[in-house]
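What follows is calculated from the coordinates using simple rules that are stated; it is not laboratory data. A quick note: this is a predicted structure, and the numbers were derived from the prediction, not measured. Positions of Cβ are backbone-derived with ideal geometry, glycine not excepted, and every protein chain shown enters the neighbour counts.
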Amino acid sequence: MKQLRIYVEGKGDLIFIGHLIAEQFNINITTDLNKLKGVYSNEVYEIEIHTFSPNTGQGGISNKSLRSLVDTIIKPNNELGLENVLILDTDTPNHKNPAGGYVERKSYLDQLLNGLDVKYFLIPNNSDDGNLESLLTECISDGGKQFYSCLSSYVSCLEQIAENKPKGIREIECFDKTKLDWYTYMMLGKVNNKEGRDYLKQDLWDLDRPCLDKLKEFLNETLSP
């Protein structure tokens with residue numbers, strides 16, 4: 001039996017990777033958002049997907065959280081013969097903890113994981129800078145693109161206002177994440193986050209986009225019995 005442990009940054013990654021595996025490989029991961037865990041088991045596979053931050057499910061990584069993951073989980077997993085996989089954002093050179101941008105992030109991980117049996121994939125495509133939000137933006141359905149472009153214009157306008165921004169705008173740390181939340185709200189109305197981030201809803205998302213090819217190839221290699 002193939003015993004696979006996949007570690008992702010946060011709740012959004014957990015949902016997305018689970019849906020992509022279901023769509024592409026007909027492996028229906030059962031996701032418990034309260035426990036921040038996805039599981040699947042049959043005579044061939046025992047798959048678990050976990051977040052780096054099991055207490056909160058918030059995205060984002062740090063040197064400390066990655067080192068803790070390696071020392072307390074991945075190394076013991078290796079000793080037990082479990083296969084370990086990391087899927088995390090490449091980010092940009094503006095990210096400093098750890099260094100972002102493809103070249104720096106890959107170099108950091110190669111040093112951190114030296115000597116360990118671990119596969120990893122850097123979102124969006126294992127070669128370019130970016131994150132889950134930039135990847136999802138490319139997966140917006142044709143029917144939703146024109147509405148999402150309206151949100152992009154709105155955000156662009158807000159970002160040009162240097163002073164006297166309302167509190168609700170000042171508190172937004174990442175407009176890319178917020179735009180995706182606005183997009184699902186606009187397309188579906190007042191629904192819970194689980195339905196809004198249902199990546200199998202073809203009227204919202206298109207999982208056949210070429211931007212997902214590299215990630216699908218990686219998952220195919222990873223999931224091969």
**Item:** Protection proxy ranking of 107-116, 80-89 - average other beta-carbon atoms within 10 Å, highest first
**Value:** 80-89, 107-116
**Item:** Against the rule of thumb 2.2 N^0.38 Å, how large the Cα Rg of the range 117-173 comes out
**Value:** 1.56
**Asked** Mind listing P(r) for the range 141-196? All alpha-carbon pairs, 5 Å bins, whole percents.
**Response** 4, 17, 26, 23, 18, 8, 4, 0
**Message:** Please list, in order along the range 74-84, the HN-Hα scalar couplings obtained from phi with the Karplus expression 6.51 cos²θ - 1.76 cosθ + 1.60 (θ = phi - 60°), rounded to whole Hz, x for Gly and Pro.
**Reply:** 5, 4, x, 4, 4, 5, 8, x, 7, 8, 10
**Message:** As I understand it, the value is the acute angle between the Cα axis of helix 11-25 and the longest principal axis of the Cα atoms of the chain; what does it come to in degrees, rounded to 10?
**Reply:** 70 degrees
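Note down the magnitude of the dipole of the chain about its Cα centre, charges +1 on Lys and Arg C-beta and -1 on Asp and Glu C-beta and zero elsewhere, to the nearest 20 debye. Kindly include the intermediate steps, with their values, before the conclusion.
Working: 25 positive and 34 negative charges, 126 e Å.
Charge dipole, the chain, about its Cα centre: 600 debye, nearest 20.
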**Neighbour-count order for ARG209, ARG197, ARG170, fewest beta carbons within 10 angstrom listed first** = ARG170, ARG209, ARG197
**Message:** If you take every residue apart from ILE87 with its C-beta less than 10 Å away from the C-beta of ILE87, what net charge results, scoring Lys and Arg +1 and Asp and Glu -1?
**Reply:** -2
**Request:** Take the Cα atoms of the range 1-129, build their convex hull, and give its volume per residue in Å³.
**Result:** 104 Å³
**Out-of-range pairs (alpha-carbon distance over 27 Å; input LYS11/LYS64; LYS37/LYS177; LYS37/LYS145; LYS64/LYS179)** = LYS37/LYS145; LYS64/LYS179
**Message:** Give me the dipole magnitude in Debye, nearest 20, for the range 115-200 about the Cα centre, with unit charges on the beta carbon: positive for Lys and Arg, negative for Asp and Glu.
**Reply:** 360 debye
**Message:** Counting only other residues whose beta carbon sits under 10 Å from that of SER127, what net charge do I get with K and R as +1, D and E as -1?
**Reply:** 0
**Asked** How do PHE218, PHE16 rank when sorted from fewest to most other Cβ atoms within 10 Å of their own Cβ?
**Response** PHE218, PHE16
**Asked** Taking springs between alpha-carbon atoms closer than 10 angstrom, which of ILE73, ILE29, ILE172 fluctuates most in the Gaussian network model of the chain?
**Response** ILE172
**Complete:** Taking only the Cα positions of the chain, the convex hull volume per residue in Å³ is 135 Å³
